[in-house]
1. Which percent of the Cα-Cα distances in the chain go past 13 Å?
2. Out of the total accessible area of the chain (probe 1.4 Å, heavy atoms of protein only), what percent is carbon and sulfur?
3. In debye, nearest 20: dipole of the chain around its Cα centre with unit charges on the Cβ of K, R (+) and D, E (-)?
4. Gain in length, residue 61 to residue 30, computed as 0.36 nm per residue apart minus the alpha-carbon separation, to one decimal in nm?
5. Could you provide, to the nearest whole Å², the per residue accessible area of the chain with probe 1.4 Å?
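The values are calculated or read from the model by the stated rules, or taken from the named source; none is laboratory data. Keep in mind the model is a prediction, meaning the values are calculated, not measured. We place every Cβ from the backbone using ideal geometry, glycine too, and count neighbours over all the protein chains shown. Heavy atoms of the whole protein, side chains included, go into the accessibility calculation; ligands, DNA and RNA do not. Shrake-Rupley method; radii C 1.70, N 1.55, O 1.52, S 1.80 Å.
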Amino acid sequence: MFTVLPTTHQALTVPEAMAALRYSRSKVYDLIRSGALPSFTEGRARRIPAESLHTYIRNRLEEAA
């Protein structure tokens, strides 16, 4: 679906999500804090499930329609 997303990764790092969305680091963390972009931490590492990214984009498209 997205050429920027690594196809073998089920969970992306914040920089990978930033690249996929073309958003700044602060914007991605704002989305995480607001709950619009679900994520989890493993130790100190923040991960965003690829499906969460796809859902966020679908929701934004529905809102725009």
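1. Numbers: 1286 of 2080 pairs.
It works out to 62 percent of all Cα pairs.
2. Working: 2360 of 4570 Å².
Of the solvent-accessible surface of the chain, carbon and sulfur hold 52 percent.
3. Details: 9 positive and 6 negative charges, 48 e Å.
I would put it at about 240 debye.
4. Values: separation 31, 0.36 × 31 = 11.16 nm, distance 1.89 nm.
Taking 0.36 nm per residue and subtracting the Cα distance, the gain is 9.3 nm.
5. 70 Å²
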